[in-house]
1. Just one of (1) modelled with pLDDT of 95 or more; (2) touching a helix residue (DSSP H, G or I) at 6+ places or on another chain (Cβ under 8 Å); (3) not polar (S, T, N, Q) trips up HIS29, so point out which.
2. For MET1, work out the one condition from (1) part of a helix (DSSP H, G or I); (2) touching a helix residue (DSSP H, G or I) at 6+ places or on another chain (Cβ under 6 Å); (3) modelled with pLDDT under 95; (4) not β-branched (Val, Ile, Thr) it doesn't fulfil.
3. Please state which one of LYS65, LYS58 is loosely packed, with under 11 Cβ neighbours inside 10 Å and in a helix (DSSP H, G or I).
4. Which residue out of ASP47, ASP15 is part of a helix (DSSP H, G or I), among the acidic types (Asp, Glu), closer than 21 Å to SER67 by Cα and modelled with pLDDT of 95 or more?
5. Can you list residue pairs whose Cβ atoms sit under 8 Å apart, with the first residue in region 14-37 being buried (at least 17 other Cβ atoms within 10 Å of the Cβ) and the second being in a helix (DSSP H, G or I) and hydroxyl-bearing (Ser, Thr, Tyr)? Count only pairs 6 or more apart in sequence or on different chains.
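The values are calculated or read from the model by the stated rules, or taken from the named source; none is laboratory data. Because the structure is a prediction, the values reported are computed rather than measured. As a convention, Cβ positions derive from the backbone with ideal geometry for all residues, glycine included, and neighbour counts pool all protein chains shown.
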Amino acid sequence: MTSDFDLPAIRKLLDALRARHGADSAIGHRCSNLIGLLKNYEAAAGDLKDALQALIVKQMAGLAKLSR
């Protein structure tokens, strides 16, 4: 993950997607997970940041499958 991404804007989009599908839906749960991971990613460093990045990639792939 690079710093080219506007993480607050991404969180806002995820929040809107969660609101559209409902917080208790599979998409809503995935969005909630990603919002939390992105917040933690911003504050992390080193190995923790790398681990969070891997989780974010996995969650995004799952969200993409759910959104088809």
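1. If we test HIS29 against (1) modelled with pLDDT of 95 or more; (2) touching a helix residue (DSSP H, G or I) at 6+ places or on another chain (Cβ under 8 Å); (3) not polar (S, T, N, Q), just (2) comes out false.
2. (1)
3. Within the list LYS65, LYS58, the selection yields LYS65.
4. When all the criteria are applied, what remains is ASP15.
5. ARG18/SER32
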